[in-house]
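Comments concern the structure below.
The values are calculated or read from the model by the stated rules, or taken from the named source; none is laboratory data. Keep in mind that this is a model prediction, so the values were computed, not measured. Please note: Cβ atoms are built from the backbone with ideal geometry, for glycine as well, and neighbour counts cover all protein chains shown. Areas reflect the complete protein model, heavy atoms only, side chains present, ligands, DNA and RNA absent. Shrake-Rupley method; radii C 1.70, N 1.55, O 1.52, S 1.80 Å.
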Amino acid sequence: MPNTITMLTGDRPTGPLHLGHHAGSLIERVRMQARDAERFIMIADAQAYTDNIGDTAKVAEAIPTLVADYIAAGIDPLRSTIFLQSAVPELVELMQIFMNITTLARLERNPTVRDEIKQRGFEKSIPAGFACYPIAQAADILGFRATHVPVGTDQLPMIELASETAARINRMAGRDVLAIPQVVLTSTGRLPGIDGKAKASKSLNNAIFLSDDAAEVKRKTMMMFTDPDHIRVSDPGKVEGNVVFSYLDAFDPDKEKVEDLKTRYRKGGLGDVVIKKELVAVLEALLAPMRDRRPDPQASRDVCVDILREGTLAARTRVADVLADVRKALGIFVL
Ligand code: TRP
């Protein structure tokens, strides 16, 4: 197997991207573009349908929006192949093979899936497609022989299953048919919501979107959760659990300045409005170039669909090749 770096990652198209996605994985994807590597970015629509089959309109609308968000975030379609999962049927064929070496018990142990089952109220009747999506995700990763997968920490169990699956296939085949993928985590980790809840998300309505305009970014920043006991400017303030500092830590490149602000805030004498204004400036420095890169809304849909179509062609060729190799390695009869 050639000794190259192959990055693959993806997102479910269920809504626009926000700063949590940026901190969790977009930063790494853009960084990867400077490295000598192959890059694939998948819009995981088939995975989105595993818990949104009653709301296909939402998914359909989110697909071109996601492409526009990627471009805004700095993903360059000339350097990263952006493609649509459901338009690569070879991935399903690969999944079908992997289903035979994955036990139900193994699927039931997945902590991320367990959380999702609770959140979605699937306890009494789990759709089979949903239960099996981690196998599909293993196919997404292994079908490209991906070596590097930039994702947030919640995706660790999925990458683990993919690694086990690759190792198992390689053992059965007696040679290295598939690459063992590794996770690329960002140092930032999970970004809290502006309300102080553990996670920024569209459904909790506590996220700043990459597509928010300057007025909206300012409005959301000004209402961020800080330290409820920091009443007067002169009071000592808490930095831990203070969303403004979490965001400064995640997005302000000037770490020394942030440390200085923390010291002054802890001591007392630094007001919330001052640190919030600081953060608005930091977020604008990040988001203003994104607004400039974003495709013109008039032409956006067509531009985005064309990018997807082209990327999907390249993706299909790649997975078809890997699928053929897996079949051969396992001795599967091919007509
Ligand atoms: N499960 C991922 C998420 O919810 C999306 C995804 C699907 C993915 N296939 C992938 C991520 C393959 C990385 C690699 O965000």
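Cβ-Cβ below 7 Å, separation at least six or inter-chain, first residue in the range 142-159 and of a type in the set (Phe, Trp, Tyr), second within 10 Å of the ligand (Cβ to nearest atom): which pairs?
144/8; 144/40
Identify the single condition in (1) open to solvent by 20 Å² or more (accessible area, probe 1.4 Å); (2) within 14 Å of the ligand (Cβ to nearest atom); (3) at pLDDT 95 or above that residue 18 does not satisfy, given that it satisfies every other one.
Only one criterion in (1) open to solvent by 20 Å² or more (accessible area, probe 1.4 Å); (2) within 14 Å of the ligand (Cβ to nearest atom); (3) at pLDDT 95 or above is unmet by residue 18, namely (1).
What's the number of the only condition in (1) open to solvent by 30 Å² or more (accessible area, probe 1.4 Å); (2) touching a residue at least 60 places away in the same chain (Cβ under 8 Å) that residue 283 fails to meet?
With (1) open to solvent by 30 Å² or more (accessible area, probe 1.4 Å); (2) touching a residue at least 60 places away in the same chain (Cβ under 8 Å) applied to residue 283, the lone miss is (1).
Identify, from the list 31, 12, the residue that is more than 12 Å from the ligand (Cβ to nearest atom) and either charged (D, E, K, R) or at pLDDT below 95 (or both). Quick ask: steps written out before the conclusion?
On the way: 12 fails: more than 12 Å from the ligand (Cβ to nearest atom).
The conditions single out 31.
Assess whether residue 202 counts as being assigned to a loop (DSSP other than H, G, I, E, B) and either modelled with pLDDT of 95 or more or surrounded by fewer than 18 Cβ atoms within 10 Å (Cβ to Cβ) (or both). Give the derivation first.
Working: assigned to a loop (DSSP other than H, G, I, E, B): yes; either modelled with pLDDT of 95 or more or surrounded by fewer than 18 Cβ atoms within 10 Å (Cβ to Cβ) (or both): yes.
Spelling it out, residue 202 is indeed assigned to a loop (DSSP other than H, G, I, E, B) and either modelled with pLDDT of 95 or more or surrounded by fewer than 18 Cβ atoms within 10 Å (Cβ to Cβ) (or both).
Check 309, 301 and return the single one that is closer than 26 Å to residue 212 by Cβ, of a type in the set (Lys, Arg) and open to solvent by 10 Å² or more (accessible area, probe 1.4 Å).
Numbers: 309 fails: closer than 26 Å to residue 212 by Cβ.
Of the residues listed, the single one that is closer than 26 Å to residue 212 by Cβ, of a type in the set (Lys, Arg) and open to solvent by 10 Å² or more (accessible area, probe 1.4 Å) is 301.
Under 7 Å by Cβ, and 6 or more places apart or on different chains, what pairs join a residue from the range 30-54 that is within 16 Å of residue 85 (Cα to Cα) with one that is in a loop (DSSP other than H, G, I, E, B) and more than 12 Å from the ligand (Cβ to nearest atom)?
39/33; 39/79; 39/80; 41/75; 41/80; 50/127
Return only the number of the condition from (1) open to solvent by 40 Å² or more (accessible area, probe 1.4 Å); (2) out of contact with any helix residue (DSSP H, G or I) (no Cβ under 6 Å at 6 or more places or on another chain); (3) more than 14 Å from the ligand (Cβ to nearest atom) that residue 37 does not satisfy.
Single failed check for residue 37: (1).
Sort out which residues of the range 74-90 are within 16 Å of the ligand (Cβ to nearest atom), of a type outside the set (A, V, I, L, M, F, W, C) and open to solvent by 30 Å² or more (accessible area, probe 1.4 Å), and write them in order of number.
81, 86, 89
Got at least one residue in the range 142-163 being over 15 Å from the mean Cα position of the chain (by Cα) and over 28 Å from residue 27 (Cβ atoms)? Let's see the steps before the verdict.
As a first pass, look at the range 142-163 and keep what is over 15 Å from the mean Cα position of the chain (by Cα): 142-147, 160-163.
Right, trim to over 28 Å from residue 27 (Cβ atoms) and you get none.
For the range 142-163, residues over 15 Å from the mean Cα position of the chain (by Cα) and over 28 Å from residue 27 (Cβ atoms): absent.
Does at least one position in the range 119-134 carry a residue that is of a type in the set (A, V, I, L, M), within 12 Å of the ligand (Cβ to nearest atom) and touching a residue at least 24 places away in the same chain (Cβ under 8 Å)? Can you show your working first?
Narrowing the range 119-134 to residues of a type in the set (A, V, I, L, M): 126, 128, 131.
In the following step, the residues that additionally are within 12 Å of the ligand (Cβ to nearest atom) were identified as none.
Looking through the range 119-134, none of the residues is of a type in the set (A, V, I, L, M), within 12 Å of the ligand (Cβ to nearest atom) and touching a residue at least 24 places away in the same chain (Cβ under 8 Å).
Using the structure shown, decide if residue 207 is in contact with a Gly (Cβ under 8 Å, 6 or more places away or on another chain) and assigned to a loop (DSSP other than H, G, I, E, B). Walk me through it before giving the result.
Details: in contact with a Gly (Cβ under 8 Å, 6 or more places away or on another chain): yes; assigned to a loop (DSSP other than H, G, I, E, B): yes.
Yes.
State all residues of the range 43-62 that are under 14 Å from the mean Cα position of the chain (by Cα) and either open to solvent by 10 Å² or more (accessible area, probe 1.4 Å) or of a type outside the set (A, V, I, L, M) (or both); if no residue qualifies, say none.
Just the residues of the range 43-62 that are under 14 Å from the mean Cα position of the chain (by Cα), to begin with: 43-45, 47-48.
45, 47 - these are the residues of the range 43-62 that are under 14 Å from the mean Cα position of the chain (by Cα) and either open to solvent by 10 Å² or more (accessible area, probe 1.4 Å) or of a type outside the set (A, V, I, L, M) (or both).
Looking at residue 273, is it open to solvent by 20 Å² or more (accessible area, probe 1.4 Å), out of contact with any Asp or Glu (no Cβ under 9 Å at 6 or more places or on another chain), among the β-branched types (Val, Ile, Thr) and farther than 20 Å from residue 16 by Cα? Break it down into steps so the answer makes sense when it comes.
Numbers: open to solvent by 20 Å² or more (accessible area, probe 1.4 Å): yes; out of contact with any Asp or Glu (no Cβ under 9 Å at 6 or more places or on another chain): yes; among the β-branched types (Val, Ile, Thr): yes; farther than 20 Å from residue 16 by Cα: yes.
Judged against the criteria, residue 273 is a match.
Between a residue in the range 162-177 that is closer than 14 Å to residue 146 by Cα and any residue that is hydroxyl-bearing (Ser, Thr, Tyr) and not in a helix (DSSP H, G or I), which pairs come within a Cβ distance under 8 Å, given they are 6 or more apart or on different chains?
As it stands, the answer is 165/102, since those pairs meet every condition given.
Of the residues that sit in the range 148-184 and are in a loop (DSSP other than H, G, I, E, B) and open to solvent by 30 Å² or more (accessible area, probe 1.4 Å), which one is nearest to the ligand (Cβ to nearest atom)? Before you say what the answer is, go through the steps one by one.
To start, the set of residues in the range 148-184 that are in a loop (DSSP other than H, G, I, E, B) comprises 151-152, 174-181.
Next, only the ones that are open to solvent by 30 Å² or more (accessible area, probe 1.4 Å) stay: 174-176, 180.
Details: 174: 27, 175: 24, 176: 20, 180: 14 Å.
For the range 148-184, the residue satisfying everything is 180.
Just one of (1) under 17 Å from the mean Cα position of the chain (by Cα); (2) under 23 Å from residue 68 (Cβ atoms) trips up residue 199, so point out which.
It fails just one condition, (2).
Give me the pairs, please: first residue somewhere in the range 241-259 and at positive phi, second residue anywhere and part of a helix (DSSP H, G or I), beta-carbon distance under 9 Å, and either six or more positions apart or on two chains.
No pair meets every condition.
Tally the residues that are assigned to a loop (DSSP other than H, G, I, E, B) and more than 30 Å from residue 100 (Cα to Cα), restricting the search to the range 276-335. Spell out the reasoning first.
In the first step, residues of the range 276-335 are kept if they are assigned to a loop (DSSP other than H, G, I, E, B); the result is 294-296, 331-335.
Checking which are more than 30 Å from residue 100 (Cα to Cα) leaves us with 294-296.
Of the residues in that region, 3 qualify.
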